[in-house]
Amino acid sequence: MGKVFDPSLIFEFIPILVKYLGVTLEILVASIIFGTIIGIAAAIPKLFHIPILKQIVTLYISFIRGTPIIIQLFLVFYGLPAVISIINIDITRMDALFFVIITYSLSNGAIFAEIFRGAISAVEFGQTEAAYSIGMTPFQNFTRIIFPQAIRVAFPNIANTVIGSLKDTSLAFTIGVMDMMGRGETLIAATAHALEVYIALSVVYYVVVLILEKGFKIFEKYTNRYQGTDATVA
């Protein structure tokens with residue numbers, strides 16, 4: 001049982017926890033960047049129906065969707081060193097942050113793969129045919145026709161994934177990463193004021209989410225700046 005609730009401690013704990021916000025954001029940014037790369041690579045076999053690769057990607061996405069992130073975290077943390085040891089490479093002493101980033105990148109990659117696939121598929125194929133009919137290359141068609149429309153379709157889901165990933169990073173402490181949640185656990189052990197620590201953590205996470213949501217709204221407004229306007233034909 002913790003000590004008597006002391007609201008003043010919440011304001012003492014917040015600055016302590018914020019010092020470790022950088023680790024949390026490092027995990028988030030790295031996993032989103034690598035997850036985007038993985039997501040694009042995984043979406044291609046499904047978009048173009050590439051044999052074997054499509055089945056492998058489908059299994060990968062299904063596994064990520066069907067298992068909790070904490071299980072994936074432990075599978076990577078304990079499983080990757082075991083697999084790598086087969087070729088006589090020891091990675092057991094690597095920083096736990098390395099395994100966290102791999103886990104969240106793979107998890108985000110599976111989600112992004114479906115988001116990208118769905119968004120690109122939503123763009124009417126007739127526009128691609130029209131682009132080719134006026135001499136556009138496949139690259140020009142993708143960058144000028146498909147991508148601008150697909151990003152508008154995909155962005156709300158991408159934003160939700162980023163926010164969800166931020167909250168999921170709170171599990172990184174389970175394998176020894178000293179992020180905000182990890183520091184919070186040490187504060188609880190040292191002070192026995194668990195409620196105050198968790199309230200402080202919730203405040204910090206909530207503020208970060210509000211900032212992200214504001215940024216996403218600005219970006220979404222920018223990507224939709226030409227939507228709903230009347231085109232003038234000279």
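Below are the figures for this structure:
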item: Failed condition for residue 139, given (1) surrounded by fewer than 16 Cβ atoms within 10 Å (Cβ to Cβ); (2) under 20 Å from residue 57 (Cβ atoms); (3) among the hydrophobic types (A, V, I, L, M, F, W, C); result: (2)
item: Verdict on residue 205 being touching a Lys or Arg at 6+ places or on another chain (Cβ under 8 Å), of a type in the set (Phe, Trp, Tyr) and part of a helix (DSSP H, G or I); result: yes
item: Any hit, region 22-33, residues being within 14 Å of the chain's Cα centre (by Cα), exposed (fewer than 14 other Cβ atoms within 10 Å of the Cβ) and at pLDDT below 95; result: no
item: Residue that is aliphatic (A, V, I, L, M), open to solvent by 80 Å² or more (accessible area, probe 1.4 Å), without any contact (Cβ under 8 Å) to a residue 40 or more places away in the chain and at positive phi, where the choices are 52, 87; result: 52
item: Region 101-130 residues that are farther than 30 Å from residue 176 by Cα, paired with ones that are among the hydroxyl-bearing types (Ser, Thr, Tyr) and open to solvent by less than 30 Å² (accessible area, probe 1.4 Å) (beta carbon under 9 Å, 6 or more apart); result: 115/161
item: Test: residue in region 212-222 that is surrounded by 20 or more Cβ atoms within 10 Å (Cβ to Cβ), of a type outside the set (Gly, Ala, Ser) and touching a helix residue (DSSP H, G or I) at 6+ places or on another chain (Cβ under 8 Å); result: no
item: Residue in region 133-140 that is assigned to a helix (DSSP H, G or I) and at pLDDT 90 or above present; result: no
item: Test: residue in region 18-41 that is of a type in the set (A, V, I, L, M), free of Cβ contacts under 8 Å to residues at least 60 places away in the same chain and part of a loop (DSSP other than H, G, I, E, B); result: no
item: Options 56, 69: the member that is within 22 Å of the chain's Cα centre (by Cα), under 20 Å from residue 169 (Cα atoms) and of a type in the set (Val, Ile, Thr); result: 69
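The rows are residues; the columns are (1) in a helix (DSSP H, G or I); (2) out of contact with any strand residue (DSSP E or B) (no Cβ under 6 Å at 6 or more places or on another chain); (3) open to solvent by 30 Å² or more (accessible area, probe 1.4 Å); (4) at pLDDT below 90.
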site	(1), (2), (3), (4)
80	yes, yes, yes, no
129	yes, yes, yes, yes
150	yes, yes, no, yes
168	yes, yes, yes, no
185	yes, yes, yes, no
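The values are calculated or read from the model by the stated rules, or taken from the named source; none is laboratory data. Keep in mind the model is a prediction, meaning the values are calculated, not measured. Here Cβ is always computed from backbone atoms with ideal geometry, including for glycine, and neighbour counts include all displayed protein chains. These accessible areas exclude ligands, DNA and RNA; they are computed on the full protein's heavy atoms, side chains included. Shrake-Rupley method; radii C 1.70, N 1.55, O 1.52, S 1.80 Å.
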